[in-house]
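None of the figures in this text is laboratory data; all of them are computed from the coordinates on show. Remember, predicted model here, so these are calculated numbers, not experimental data. Note that we place each Cβ from the backbone using ideal geometry, even for glycine, and neighbour counts take in every protein chain shown.
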Amino acid sequence: MTLSKALEADRNGQIERAADEYESALAHDANDLVAIVNLLVLYWQSTDYGFSLAHRLSQPFIANAGTRLGQLLNTARERFPECPEVLFWTRYIAWADRGDAFDPDECRVLLKRYPDYLEPAMALFSLSQSKEAADMAIELLNRCRADNTTRSRYVASVIEGVLKRKKFTQV
C-alpha cells in the first residue's frame, strides 16, 4: 500500500521519497485526504529554507514543492470544500506565508463544529499566547508525537514553542 510507504518515509525524515509515495497514493486514490493534507504540509515545509537545508532537499524538488503546494491547495478546496483539515490548512498557510488575515474565531468555529479535529487548537493556543485551547493543544501535542510525520512534527513544534515561551515568561 502506497500510503503506508509514504507515512513510513515521512516518519523517517525521507522527505523526497515521502513526497513521491504520497503522489503515488494520490494517483491511486485522488480523494485520499490523509495523503493530500500530509503532502501539502510536507511541500509547504519543504519551501522553508531551514527545513529544506536540514533535510538536504534538492533545488528541483523545492521548486516542484512550491508549484505542487498551490495545485494541491486548489484541488483540496475543490474536492473537499467543507473538510476541516482543508479549511484549516488553507487559511493557516496563507496566514503564515503571506500574512493574510487569520482570525482566531475561525479556529474556534472549526473546533466547535469538528470537536475531533484538533489542529486548529495549535493555532488558537499560539495566537492567544497559551491562554486558549491549552487542554486540546496538549492532547494534540501527544497525538503528534506519536504520529511523527512532517505535518505532526510541525504542529508539535508550534505547541512546544508556545510552551517554552510560557515557561520563560513565568521565571
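Things to note:
- Residues of type aspartates and glutamates that Lys5 reaches as a straight line, Cα spacing below 13 Å, ignoring anything fewer than 8 places off in the same chain: Glu16, Asp20, Glu21, Glu23
- Computed [θ] at 222 nm, helices only, for the chain once each DSSP H run of length n ≥ 4 contributes -39500 (n - 2.57): -25000 deg cm²/dmol
- Debye intensity ratio in log₁₀ form over the Cα atoms of region 92-142, taken at each q of 0.14, 0.17, 0.25 Å⁻¹: -0.32, -0.47, -0.94
- Base-10 log of normalised Debye intensity for region 1-83 (one unit scatterer per alpha-carbon) at q = 0.10, 0.15 Å⁻¹: -0.21, -0.48
- Among Arg68, Arg108, Arg98, residue whose mean-square fluctuation peaks in a GNM of the chain (springs only between Cα atoms under 10 Å): Arg98
- Derived scalar couplings between HN and Hα for region 45-55 equal 5, 5, 7, 7, 4, x, 5, 5, 5, 4, 9 Hz in order, rounded to whole Hz, by the Karplus curve 6.51 cos²θ - 1.76 cosθ + 1.60 (θ = phi - 60°), x for Gly and Pro.
- Spacing of the modelled spin labels on Asp147 and Arg108, each 7 Å from Cα toward Cβ, amounts to 2.5 nm.
- Computed over the alpha-carbon atoms, region 103-171 gives an Rg to Rh ratio of 0.97, Rh here being the Kirkwood radius from the mean inverse distance.
- Dipole magnitude of the chain about its Cα centre (Cβ charges: Lys, Arg +1; Asp, Glu -1), debye to nearest 20: 600 debye
- Helix 2-11 axis, angle to the chain major axis (alpha carbon atoms, nearest 10°): 50 degrees
- Against the chain, whose longest principal axis is taken from its Cα atoms, helix 104-113 shows a tilt of about 80°.
- Computed magnitude of the charge dipole of region 1-83 (debye, nearest 20; Cβ of K, R +1, Cβ of D, E -1): 180 debye
- Label positions at Glu78 and Ser128, each projected 7 Å from the Cα along the C-beta direction, are separated by 3.7 nm.
- A Förster radius of 22 Å, combined with the Cβ-Cβ distance separating Ser58 from Asp97, puts the computed FRET efficiency at roughly 0.55.
- Taking 24 Å as the straight-line reach from the Cα of Lys166, the lysines in range (excluding those fewer than 8 positions away in the same chain) are Lys131.
- Shape annotation for the chain: C-alpha extents along the principal axes are 46, 34, 30 Å, from largest to smallest.
- Scalar couplings 3J(HN,Hα) for region 77-91, obtained by applying the Karplus form with A = 6.51, B = -1.76, C = 1.60 to θ = phi - 60°, are 4, 5, 7, 10, x, 10, 6, x, 4, 5, 4, 5, 5, 4, 6 Hz; x denotes Gly and Pro.
- Simple label model, 7 Å out from Cα along Cβ direction - Ile138 to Arg17, nm: 3.7 nm
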